[in-house]
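One structure is given below, encoded as structure tokens.
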There are 2 protein chains.
Amino acid sequence: MLVTDLIRRKRDGAELQRNEIEFLIDGYTRDSIPDYQMSAWLMAVLLRGMTRAELAALTEAMLNSGEVLSFPELPATKVDKHSTGGVGDKTSLVIAPIVAAAGLYVPMISGRGLGHTGGTLDKLESIPGFNVNLSVTDFRRVLAQCGAGLIGQTQEIAPADKKIYALRDVTGTVESPYLICASIMSKKLAEGIDALVLDVKTGSGAFMKAEKDAVFLAELMVETGQRLGKRIAALITDMDQPLGNAVGNALEVAECIDILNGKGPEDLRELCLILSAWMFLLGKRVQNTDQGRELAEQMISSGKAREKFREMIRLQGGDANVMDNPGLLPQAKQKADVKSPVSGFVTGFMTEQIGTAGVLLGGGRAKKEDSVDPAVGIIIHKKIGNPVSADEALCTVHYNSAQRFDQAAPLIQQSYRIESAPLLQKRPLVHQIIGDSK
Amino acid sequence: MLVTDLIRRKRDGAELQRNEIEFLIDGYTRDSIPDYQMSAWLMAVLLRGMTRAELAALTEAMLNSGEVLSFPELPATKVDKHSTGGVGDKTSLVIAPIVAAAGLYVPMISGRGLGHTGGTLDKLESIPGFNVNLSVTDFRRVLAQCGAGLIGQTQEIAPADKKIYALRDVTGTVESPYLICASIMSKKLAEGIDALVLDVKTGSGAFMKAEKDAVFLAELMVETGQRLGKRIAALITDMDQPLGNAVGNALEVAECIDILNGKGPEDLRELCLILSAWMFLLGKRVQNTDQGRELAEQMISSGKAREKFREMIRLQGGDANVMDNPGLLPQAKQKADVKSPVSGFVTGFMTEQIGTAGVLLGGGRAKKEDSVDPAVGIIIHKKIGNPVSADEALCTVHYNSAQRFDQAAPLIQQSYRIESAPLLQKRPLVHQIIGDSK
């Protein structure tokens, strides 16, 4: 098999066979196919697309490039949720305890923040002592004991994806929905799960700003998951404003604790309940999403989800006292309000810019190598639909450097769209659902 | 300037600026841009195309990556011809002496054969002693003395093209007309010429088998040459059967000597006269191509072109006695005829297969590293339009290995299309002319 022929055929829009895609991925992972051939092939894929069969073969080849976890010892269904990322998107920390509290298993392998979007691992690490770098053995033990574990990607899982992602990053081949799908799904399916709920964000704070792009990616992921034998559904959810009120690692953990205590912002609570309901449905814990939602509400109101989160923190080495005293989380030295320049109604956000302001404060990463300040962030007081008076606080910035505040504050203020009348129609939280409950 | 941004913009179909293309080519030549980024960019160019301004900038950047010859000391116009290659395509060896004999200068940098097409350097090297590896100083001296010199590409000329071509060869990015144009034109314009005639082949023995592809490449090359200030024209010429009767290095040199002696096959003679006429026109030696053709005929009939070729051979170290005694050229040990299986008329060739048969005999290269046997080849007796009887010789194969003959002979026989009636219409030798005589 000649690599050049495979590149040429993909370039000309032909469909590659499963064994040809395996040959490419296997050769690249083992360094027998050089970067320059893989990057030409990736560009051809980006511009020519793939068939669904090719995409499934690519995902499976990347999945099988490394260790694929399995948990035959766990007596119930394993289910996970994946989000394509946004600003203030913190549902994993609420959902994992809810779903585990109801008896399913959630072996969640998460990522770090990059650019305007946050990452679950960074949020968890703001809890003093919390260790996301568990060995597979320890991960297995935590899962067996409490039903949920949250760790980072190990060296052993989907090494082909790691290598290909690094190459895509420097060759202009990040934006292909096919390559994004294969990257996400190869890692998620290495978790040894039976079912997966995808939260595909759309709007000004999402990677896929246009809904049609989000839907296309969701369809690819759902079909790929089904071809690889998983129960799977995708929810296209709104990221046209930050989710919840908190943006910043420790601030977001505190907000999650609020939700688990039956409080917290309505949009975040609502999305957590919906996503949990779908996890219950695909995990065959309930018959329909209404039952799923009810079960999720019970897990919160009974305090079981809160106690599950406490147990997770403790088992992963964290200080569980943060549950009762969020003041134990890292606190920024300074706080200051960003005020509205005019009176009116909030009608929109340049949400990505709110995320970028968080990076400027030190709470996120511009480059992969950057370290993050867990304490800084933004508490949003005014969201879409809220009336606001001139000079009233739009949000409160938590910061550790006046210079960084001075960079971030104007960005936050400018990211608000304030008009004399409120929007006539509110965007729904869930735009569409793709996939089914089979 | 970020390479990834340049890749991304070309990927999305945007037009790059001249300084951006210079940055890419310069960085790649100096090894500061890695192969994997260049190959992604090349694939994006192949699939997205380029504007004419981008193509001119790319060609000029590649041209300026190395030494650009100039011959201010030569008192007349410098003009060259380039062919996209075919089977039996040997016009350079006839044209260079014709044009130099009439007082213009022909600084011709040529290539070697690869695949089914032959190469001028391989043909010249079948002349005992002929040295194609002159230094630039010696090349300059030969040119000044006799008006024509034929050498191979030096390390100093267009190093960006050498590096990019090697990368294209292994990344499925050879077939882009834009990249082909930049590769050809950057090398040709490094010769320090004032005018250039392009012989773009079309038909079953050409790289561009479809006429529309040949025309598109020709248009790109003509416009690029004009943008870079050269007088230029392209002739789309027929390569639907071998040109002349000889295929094979020494056999082709002997055929060229026949032409210079006023003999030889009509199609080869005709194309040499037409191409010479255009070189005279673009070189401002004549007012129109009729005058140019007449001048070319005079150079042959007067013996001046033959004496010029003799002088060229002598100045480049070759045995000029081959002019009077072609038997001094390498001779194959064996000859055998390939016969017609049926009676009828020759109506077509799978011309590329004739070239491949030449490679199988040892006269060409399957890979760049292969060495060639100068003596072997094919003398074609029957061409399109000729009647043929069953068992009559279609051609005579000159060979040095019975095993190689056994591989090549059936290929040659099968490449003939023989039908009961001749073709109603003959393909013209020149299909179209692109460019003008300004």
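Every residue in the stretch B:196-218 that is open to solvent by 10 Å² or more (accessible area, probe 1.4 Å), touching a helix residue (DSSP H, G or I) at 6+ places or on another chain (Cβ under 9 Å) and more than 23 Å from B:ILE354 (Cβ to Cβ), please. Within the stretch B:196-218, just B:PHE216 meets the criteria. No other residue among B:ALA182, B:ALA160, B:ALA214, B:ALA206 is in a loop (DSSP other than H, G, I, E, B) and away from every other protein chain (no Cβ under 14 Å) apart from B:ALA206.
Checking each residue in the stretch B:41-100 for being over 20 Å from B:MET185 (Cα atoms), touching a residue at least 12 places away in the same chain (Cβ under 8 Å), open to solvent by 10 Å² or more (accessible area, probe 1.4 Å) and within 14 Å of another protein chain (Cβ to nearest Cβ) picks out only B:ARG48.
Selection within the stretch A:155-181: residues that are hydroxyl-bearing (Ser, Thr, Tyr) and either in contact with a Phe, Trp or Tyr (Cβ under 6 Å, 6 or more places away or on another chain) or buried (at least 24 other Cβ atoms within 10 Å of the Cβ) (or both). The member of this set that is nearest to A:ASP31 (Cα to Cα) is A:THR171.
Which of the strands (runs of 3 or more DSSP E) contained wholly in the stretch B:297-400 include at least 2 residues that are open to solvent by 40 Å² or more (accessible area, probe 1.4 Å) and touching a residue at least 40 places away in the same chain (Cβ under 8 Å)?
On the way: elements: B:334-339, B:344-349, B:377-380, B:393-399.
In the stretch B:297-400, B:334-339 are the strands (runs of 3 or more DSSP E) which contain 2 or more residues that are open to solvent by 40 Å² or more (accessible area, probe 1.4 Å) and touching a residue at least 40 places away in the same chain (Cβ under 8 Å).
For the stretch A:8-18, the set of residues classified as surrounded by 20 or more Cβ atoms within 10 Å (Cβ to Cβ) and more than 12 Å from every other protein chain (Cβ to nearest Cβ) consists of A:LEU16 only.
Here B:TYR28 meets each of (1) more than 26 Å from the chain's Cα centre (by Cα); (2) open to solvent by 10 Å² or more (accessible area, probe 1.4 Å) with one exception, condition (2). Screening A:ILE21 with (1) at pLDDT 95 or above; (2) within 14 Å of chain B (Cβ to nearest Cβ) gives one miss only, at (2). Every condition in (1) more than 10 Å from chain B (Cβ to nearest Cβ); (2) part of a helix (DSSP H, G or I); (3) open to solvent by 10 Å² or more (accessible area, probe 1.4 Å); (4) not aromatic (Phe, Trp, Tyr) holds for A:ASP5 except the one numbered (1). Within the stretch B:104-139, take every residue that is among the hydroxyl-bearing types (Ser, Thr, Tyr) and in contact with a helix residue (DSSP H, G or I) (Cβ under 7 Å, 6 or more places away or on another chain) and give me the one that is nearest to B:ASP80 (Cα to Cα). Once the filter is applied, the top-ranked residue is B:TYR105.
The values are calculated or read from the model by the stated rules, or taken from the named source; none is laboratory data. Please read all numbers here as calculations on a predicted model, not as lab measurements. Note that each Cβ is placed from the backbone with ideal geometry, even for glycine, and that neighbours are counted across all protein chains shown. In case anyone asks, the SASA skips ligands and DNA or RNA and just uses the protein heavy atoms, side chains included. Shrake-Rupley method; radii C 1.70, N 1.55, O 1.52, S 1.80 Å.
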